[in-house]
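Peer 1: Take a look at this one; I'll ask things after.
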Amino acid sequence: MHLTYLYHDDYLSNMTYGPRCDKCSNPICPEDGSNETVRIISMGKTFHVQCYQCQDCSLQLNDELDRRCYPLGDILLCQACCRRRLASVNNNL
Ligand SMILES: [Zn+2]
Ligand SMILES: [Zn+2]
């Protein structure tokens, strides 16, 4: 089971904790014109919403049924790419 949390931080708590994206390693800052930060927390890591995407096909992942994250190890994958990787692993045995 993979739990995905979407956090809406207020600006002050963001300044205190200074979260960094695990994928691009840039700090996660409020969007322009907003003092609210939106980030994804998954597998104990923090991501920009736009960085939370499939490593193979770059599909942006979220909690929608057909866009859920199916991580393999610490690789973020969509369901289709996860299946394809698992299939190719099995074919190599
Ligand atoms: Zn990022
Ligand atoms: Zn994919």
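Computed from the coordinates by the stated procedures, all read-outs in this text should not be read as laboratory data. What you see is a predicted model; the values in this text were computed from it and never measured. Every residue, glycine among them, receives a Cβ derived from its backbone with ideal geometry; neighbour counts consider all protein chains shown.
Peer 1: Provide the packing ranking of 48-61, 23-36, i.e. peptides ordered by the mean count of other C-beta atoms within 10 Å per residue, highest first.
Peer 2: Answer by packing, highest mean first, reads 48-61, 23-36.
Peer 1: Multiply the residue gap between Val89 and Ser25 by 0.36 nm, knock off their C-alpha separation, and tell me the result in nm, one decimal place. Intermediate results must be reported in sequence, preceding the final value.
Peer 2: Details: separation 64, 0.36 × 64 = 23.04 nm, distance 2.96 nm.
Roughly 20.1 nm would be gained on extension.
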